[in-house]
Amino acid sequence: MTGTMRAQRFYSDTKTIAVEDVPIPDPGPGEVLVKVEFCGICHSDLSLIDGTFPALLPEVTQGHEASGTIAKLGAGVSGWSEGDRVVPSAGRPCFGCRNCRRGDLTNCLNIQLMAFAYDGAWAEYTVAQAGGLTRIPDNVPFEQAAILADAVSTPFGAVVRTGKVVVGETVGVWGVGGVGTHIVQLARLVGAVPVITFDINPTVRERALELGADYAFDSRDENLKEKVADATGGRMLDVAFDAAGLTVTFEQALDCLTVGGRLVAVGLSAQEASVGTTAQFGLSQKQVLGHLGYKNVDIETLAELVSRGRLDLSRSISEIIPLEDVAKGIEKLANHEGDPIRILVKP
């Protein structure tokens with residue numbers, strides 16, 4: 001395929017973005033060209049633009065939550081056909097670390113992230129490794145499939161892998177935006193009870209209750225810890241998820257844990273947080289766990305859950321905008337305008 005396409009480009013030296021005409025990329029061996037249907041705007045995209053995350057390339061196309069159809073197969077690709085509905089993985093192995101050298105690509109130590117280390121999907125086409133594709137079931141809409149590659153799979157990894165939530169555990173979620181909303185749904189799905197949410201926005205708290213939270217508290221409430229105790233029968237939280245990544249949410253979540261409880265830090269920001277004195281932290285036996293990303297198999301699991309009606313993502317898309325308006329979507333996210341769960345870009 002030859003010709004040009006429309007794509008958003010981020011320039012790291014000036015921290016500016018522009019939608020431009022660029023050549024349609026050609027897939028190499030083991031790769032496919034994907035015609036993009038939708039791609040989400042994630043807070044990590046904003047973090048690259050504002051400098052919270054260091055730039056890896058002088059210029060790059062952003063966007064890593066994509067869905068689309070295969071437009072062209074690279075050399076050596078088997079098991080896929082043009083027209084197949086797919087979700088590309090948001091990362092690729094480095095092929096050079098000790099895990100990759102022994103064939104353990106899933107646990108690459110230097111994973112390369114889409115839209116940071118190589119071009120992403122705020123574009124009409126994107127190139128993806130065939131080994132990282134997930135097939136989209138026919139009854140799963142493209143817009144819901146797109147957010148599986150981070151907005152839903154990262155919470156899945158946080159709940160199932162890092163947090164290791166089991167049936168009957170008490171769970172708290174701080175920040176119920178795109179990631180937090182899905183943590184609530186997935187924690188409930190694996191049997192957590194009660195599931196308690198914390199947010200300063202009353203509209204967000206109401207939505208959390210509608211999507212399965214048992215309680216929704218204003219995180220600014222002076223009596224918050226007492227309310228958590230009442231909601232859990234004095235038990236406090238077995239697992240807390242900080243989906244906001246702020247000093248106040250991190251420390252509040254840690255304070256609401258039971259002895260030996262687990263805090264999973266999912267939200268990312270430049271703010272610092274403290275676990276208190278080493279004596280207090282050690283005696284409490286609490287654990288603080290950092291979480292990032294997911295495994296490709298998680299997307300397949302989630303697609304199956306959506307396909308069979310076990311996981312409802314029908315309310316997870318707050319807005320769809322054309323590629324030319326991507327700057328407006330980023331600005332809305334940066335300024336906390338409205339109540340976006342996930343804004344999607346439509347090339």
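The values are calculated or read from the model by the stated rules, or taken from the named source; none is laboratory data. Quick caveat, the model's predicted, so the values are computed rather than measured. We place every Cβ from the backbone using ideal geometry, glycine too, and count neighbours over all the protein chains shown. These area figures cover heavy atoms from the full protein model, side chains too; ligands, DNA and RNA do not enter into them. Shrake-Rupley method; radii C 1.70, N 1.55, O 1.52, S 1.80 Å.
So is PHE241 open to solvent by less than 60 Å² (accessible area, probe 1.4 Å), without any contact (Cβ under 8 Å) to a residue 12 or more places away in the chain, not acidic (Asp, Glu) and not in a loop (DSSP other than H, G, I, E, B) or not? So PHE241 does not fit the description; no.
Looking at the structure I just gave you, is ASP104 under 21 Å from GLU65 (Cα atoms) and of a type in the set (Asp, Glu)?
Working: under 21 Å from GLU65 (Cα atoms): no; of a type in the set (Asp, Glu): yes.
So ASP104 does not fit the description; no.
For region 92-185, the strands (runs of 3 or more DSSP E) that sit wholly inside it and include 1 or more residues that are touching a Lys or Arg at 6+ places or on another chain (Cβ under 8 Å) are 125-129, 133-135. For region 323-347, the set of residues classified as part of a loop (DSSP other than H, G, I, E, B) and modelled with pLDDT of 95 or more consists of PRO347 only. The selection criterion, being at pLDDT below 95, more than 22 Å from TRP174 (Cβ to Cβ) and over 17 Å from the mean Cα position of the chain (by Cα), holds for LEU283.
State yes or no: is ASP325 open to solvent by 20 Å² or more (accessible area, probe 1.4 Å), closer than 15 Å to GLY180 by Cα and not hydroxyl-bearing (Ser, Thr, Tyr)? In short, no.
Taken as a whole, region 199-210 holds at least one residue that is closer than 30 Å to THR301 by Cα, of a type in the set (A, V, I, L, M) and surrounded by fewer than 18 Cβ atoms within 10 Å (Cβ to Cβ). A Cβ distance below 7 Å, combined with a sequence gap of six or more or placement on separate chains, defines the contacts here; from region 72-84, residues that are under 17 Å from LYS35 (Cα atoms) reach residues that are open to solvent by 70 Å² or more (accessible area, probe 1.4 Å) in the pairs LYS72/MET1; LYS72/GLU82; LEU73/GLU82; GLY74/PRO29; ASP84/ARG135. In region 267-284, is there at least one residue being touching a Ser or Thr at 6+ places or on another chain (Cβ under 7 Å), open to solvent by 60 Å² or more (accessible area, probe 1.4 Å) and under 28 Å from PHE38 (Cβ atoms)? Yes: region 267-284 contains one or more residues that are touching a Ser or Thr at 6+ places or on another chain (Cβ under 7 Å), open to solvent by 60 Å² or more (accessible area, probe 1.4 Å) and under 28 Å from PHE38 (Cβ atoms). So if I check each of GLY168, GLY132, GLY163, which one is at pLDDT 95 or above and within 19 Å of ASN296 (Cα to Cα)? Of GLY168, GLY132, GLY163, the one residue that is at pLDDT 95 or above and within 19 Å of ASN296 (Cα to Cα) is GLY163. Considering region 225-238 alone, what residues qualify as being assigned to a loop (DSSP other than H, G, I, E, B) and either free of Cβ contacts under 8 Å to residues at least 24 places away in the same chain or open to solvent by 30 Å² or more (accessible area, probe 1.4 Å) (or both)? Matches in region 225-238: GLY233, GLY234, ARG235. Against the list (1) surrounded by fewer than 20 Cβ atoms within 10 Å (Cβ to Cβ); (2) among the acidic types (Asp, Glu); (3) modelled with pLDDT of 95 or more, the condition GLU222 fails is (3).
When restricted to residues that are part of a loop (DSSP other than H, G, I, E, B), at negative phi and out of contact with any strand residue (DSSP E or B) (no Cβ under 6 Å at 6 or more places or on another chain), region 244-254 contains 1. Within region 291-322, the set of residues being open to solvent by less than 70 Å² (accessible area, probe 1.4 Å) and either part of a loop (DSSP other than H, G, I, E, B) or out of contact with any helix residue (DSSP H, G or I) (no Cβ under 8 Å at 6 or more places or on another chain) (or both) comprises HIS291, GLY293, TYR294, LYS295, SER307, GLY309, LEU311, LEU313, SER316, ILE317, SER318, PRO322.
A count restricted to region 1-58 and to residues that are part of a strand (DSSP E or B), under 19 Å from the mean Cα position of the chain (by Cα) and over 19 Å from PRO88 (Cα atoms) stands at 0.
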